[in-house]
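The values are calculated or read from the model by the stated rules, or taken from the named source; none is laboratory data. Here the structure is a predicted model, which means the values were calculated and not measured. With ideal geometry, Cβ positions are generated from the backbone for all residues, glycine too; neighbour counts draw on all protein chains shown. Side chains included, ligands, DNA and RNA excluded: accessible areas come from the protein's heavy atoms. Shrake-Rupley method; radii C 1.70, N 1.55, O 1.52, S 1.80 Å.
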Amino acid sequence: LDAKGSEIALEQNAIIEKTAELISQGAIVAIKNTNGYLLCVDANNFESVERLRSRKQRPTKPFALLYPSLERIEKDFQITEVEVDSLVSTIGPIVIVKPRVEREKAVAQNVAPGMGNFGVMLPSSALLTILMDKLQIPIVATSGNIHGSPILSTNSEALEKLNDVADYFLQHNLDITFPQDDSVLKFAEEHRIILRRSRGIAPNFLAYTSVGKEPIMAMGAHLKSTIAFVPNMHTYVSPYFGNLDNYNVSQRLNDTIERYTQLFETIPSVVLVDKHPNYQSTQLGLELTARWDAECIQIQHHKAHFASVLAEHDLFDSQENILGVIWDGKGLGDDGMIWGGEIFTYQHRTMTRTAHFDYFDWLAGDKMSKEPRLSLFSLLSEENYEELQSKFSNLEWKLYQKVKTNNSLKTSSVGRLFDAVACLLDIRDTSTFEGEAAMKLESHANKNLQQPLKDLLEGYDLERIPSYKIIERLITLKQRGAEIDFLAASFIHTLACVIIKMAARHDCRIVACSGGVFQNAFLVEQLMGLSSKNGVTIKLNKELSSNDENIALGQLAYFENIKT
């Protein structure tokens, strides 16, 4: 069909050939795959990729690449054996890989601007296979949706909502009952890091068996929402939904809950929610509690993260003292502050918060997560303001100084610390998508050729973790002329050192790490290297993403296993 919905008169066997021709000529084609629509365009056509970015309202976030064959991927990228195994597996995920130096311009530079790595995948259906056999070139294949909305799956809805994005539509008449995005993986050496758990992986979850006899629904978090449902002896963790601020995402969550309860003919008697009262998942959980006449129980965000790793590795009955390192962007803490840089210990079914990064000001609400310059402003002492003032207008500078003076809400967020460092190193002042500053900081760290890396907290007593000291030492090194890549790598190395020092301080040989920060492969590689030298075993989320997608399972596991 064309963008107006008019059929192009073609014989069945000519449709694929025509679609390949249109993509080769620079058109944007919305293709209905088996799990939802993909927006496809020639990955070597800079102008077409730029037009897709403009129409999809996605200015800089990386696009995934669909390749015709593994041989073509191996020609353009340095891929390891575990990455090959994932690419050709039945999951058929997007895998984040590193380009060969001589092939860095194998695709248009605006496919993944400012990133050192690319997300690639192979055809996951018969339709995509025969199309790519005809094309024989890499194409952009990104979720068929408008920015922030869930992937589209019905013919009528796609034509209605994507007619200003796609030039043409390739459709079929099969119904898609549970639309899903493609799953996304990357590797830190041999360790698999799940960035998005969706098609091919969700909703079955066999790594944790519920210990209770009552049906339970865990509502998860807000930004990367999932639900966990225990209708019988099995646990089901839904695919990633997305940001519940978006009405369509919230509606899909509602619809999925309705379908799950109908499919299993089971109504939960217990509903688990996050402690944050403004999370849409929490508010919906309260509504469902009333509708189902169920019991509603709140689980703190970071304790749920910790419990998710304990559940995945079957550690609840461990006799050893286990350190929990939970680092992310934000979550409401038990003290009313915004947590995100937490150290816990676990033993004998008891979880205790033992340390955290020093609190700094949480400014301008959610705006702080979109503007790394605000995180740096919060962490800078007045004598270092010259590092930052030029990044604000005079009016903004005066306003935020006043806000900071009167602010009472604090945070320990390592996610925001990443943002502050990215801003300090002139990598990003503002972000166009979630996690952009941290991703580009990691990209710079991967480019570093200077060794050895510097522990910015070397010799510092870690009774508490000094957020401000890290910034001060980076400023000093930057003023002495240290290279940005070296500073980025040293910052991440410092975080890995903190974990090993905390394990020694609390006499823990097992360390469980969770939270979105642990999607950083450079951090995981540094941590694995240090742990092997210090007799520490690192446990990370393995079947779930380390980000908020694991909160739902963590809520369930915490409720069933932890003494409160």
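Sort through Trp397, Trp339 and tell me the only one that's closer than 23 Å to Ala221 by Cα, of a type in the set (Phe, Trp, Tyr) and open to solvent by less than 60 Å² (accessible area, probe 1.4 Å).
Selected residue: Trp339, the only one of Trp397, Trp339 that is closer than 23 Å to Ala221 by Cα, of a type in the set (Phe, Trp, Tyr) and open to solvent by less than 60 Å² (accessible area, probe 1.4 Å).
What about Thr432, is it touching a Pro at 6+ places or on another chain (Cβ under 7 Å) and either open to solvent by 10 Å² or more (accessible area, probe 1.4 Å) or modelled with pLDDT of 95 or more (or both)?
Values: touching a Pro at 6+ places or on another chain (Cβ under 7 Å): yes; either open to solvent by 10 Å² or more (accessible area, probe 1.4 Å) or modelled with pLDDT of 95 or more (or both): yes.
So Thr432 passes the test.
Of the residues that make up region 344-363, is at least one touching a residue at least 24 places away in the same chain (Cβ under 8 Å), open to solvent by less than 30 Å² (accessible area, probe 1.4 Å) and among the β-branched types (Val, Ile, Thr)?
Within region 344-363, one or more residues are touching a residue at least 24 places away in the same chain (Cβ under 8 Å), open to solvent by less than 30 Å² (accessible area, probe 1.4 Å) and among the β-branched types (Val, Ile, Thr).
Considering every residue within region 204-225, establish whether at least one is at pLDDT below 95, closer than 27 Å to Ile538 by Cβ and charged (D, E, K, R).
yes
Please work out if Glu7 is open to solvent by 30 Å² or more (accessible area, probe 1.4 Å) and over 20 Å from Gly148 (Cα atoms).
Details: open to solvent by 30 Å² or more (accessible area, probe 1.4 Å): yes; over 20 Å from Gly148 (Cα atoms): yes.
Considered against the rule, which asks whether it is open to solvent by 30 Å² or more (accessible area, probe 1.4 Å) and over 20 Å from Gly148 (Cα atoms), Glu7 comes out as yes.
Would you point out the residue of region 206-245, among those that are within 25 Å of Ser143 (Cβ to Cβ) and of a type in the set (Val, Ile, Thr), that is nearest to the chain's Cα centre (by Cα)? Don't jump to the end; show me each part of the working.
To start, the set of residues in region 206-245 that are within 25 Å of Ser143 (Cβ to Cβ) comprises 219-229, 236-245.
Keeping just the survivors that are of a type in the set (Val, Ile, Thr) gives 226-227, 237.
Numbers: Thr226: 13, Ile227: 16, Val237: 16 Å.
Once the filter is applied, the top-ranked residue is Thr226.
Can you tell me which residue among Leu477, Leu487 is farther than 22 Å from Lys303 by Cβ, without any contact (Cβ under 8 Å) to a residue 24 or more places away in the chain, touching a helix residue (DSSP H, G or I) at 6+ places or on another chain (Cβ under 9 Å) and not β-branched (Val, Ile, Thr)?
Selected residue: Leu477, the only one of Leu477, Leu487 that is farther than 22 Å from Lys303 by Cβ, without any contact (Cβ under 8 Å) to a residue 24 or more places away in the chain, touching a helix residue (DSSP H, G or I) at 6+ places or on another chain (Cβ under 9 Å) and not β-branched (Val, Ile, Thr).
I'm checking my understanding of the structure. Among residues of region 483-512 that are part of a loop (DSSP other than H, G, I, E, B) and open to solvent by 30 Å² or more (accessible area, probe 1.4 Å), which one is nearest to Arg196 (Cα to Cα)? Spell out the reasoning first.
To start, the set of residues in region 483-512 that are part of a loop (DSSP other than H, G, I, E, B) comprises 483, 506-509.
When the remaining residues are screened for being open to solvent by 30 Å² or more (accessible area, probe 1.4 Å), the result is 483, 506-507, 509.
Values: Glu483: 33, His506: 32, Asp507: 33, Arg509: 29 Å.
Only one residue tops the list, namely Arg509.
Can you name every residue in region 375-394 that is within 17 Å of Leu474 (Cα to Cα) and open to solvent by less than 50 Å² (accessible area, probe 1.4 Å)? Give the derivation first.
Our first condition is that a residue be within 17 Å of Leu474 (Cα to Cα); within region 375-394, this holds for 375-388.
Once the filter is applied, which keeps residues that are within 17 Å of Leu474 (Cα to Cα) and open to solvent by less than 50 Å² (accessible area, probe 1.4 Å), region 375-394 yields Ser375, Leu376, Phe377, Ser378, Leu379, Leu380, Ser381, Asn384, Tyr385, Glu387, Leu388.
Where in region 346-410 are there helices (runs of 4 or more DSSP H), lying wholly inside it, with at least 1 residues that are at pLDDT below 95 and β-branched (Val, Ile, Thr)? Quick ask: steps written out before the conclusion?
Details: elements: 367-370, 372-379, 394-406.
Because the criterion is at least 1 residues that are at pLDDT below 95 and β-branched (Val, Ile, Thr), the helices (runs of 4 or more DSSP H) in region 346-410 that meet it are 394-406.
Taking the condition more than 16 Å from Leu544 (Cβ to Cβ) and part of a strand (DSSP E or B), does Gly331 pass?
Numbers: more than 16 Å from Leu544 (Cβ to Cβ): yes; part of a strand (DSSP E or B): yes.
So Gly331 fits the description; yes.
Which of the residues belonging to region 538-563 are buried (at least 24 other Cβ atoms within 10 Å of the Cβ) and part of a helix (DSSP H, G or I)?
Residues satisfying the conditions are Asp548, Glu549, Asn550, Ile551, Ala552, Leu553, Gly554, Gln555, Leu556, Ala557, Tyr558.
Is it the case that Leu556 is under 28 Å from the mean Cα position of the chain (by Cα), closer than 30 Å to Phe118 by Cβ and at pLDDT 95 or above?
Values: under 28 Å from the mean Cα position of the chain (by Cα): yes; closer than 30 Å to Phe118 by Cβ: no; at pLDDT 95 or above: yes.
So Leu556 does not fit the description; no.
Mind checking which residues of region 513-537 are in contact with a His (Cβ under 8 Å, 6 or more places away or on another chain) and in a loop (DSSP other than H, G, I, E, B)?
Restricting attention to region 513-537, the residues satisfying the condition of being in contact with a His (Cβ under 8 Å, 6 or more places away or on another chain) are 514-515, 524, 526, 528.
If the condition is that a residue be in contact with a His (Cβ under 8 Å, 6 or more places away or on another chain) and in a loop (DSSP other than H, G, I, E, B), then Gly515 is the only one that fits.
Within region 20-59, which residues are touching a Lys or Arg at 6+ places or on another chain (Cβ under 8 Å) and either free of Cβ contacts under 8 Å to residues at least 60 places away in the same chain or among the polar types (S, T, N, Q) (or both)?
Asn35
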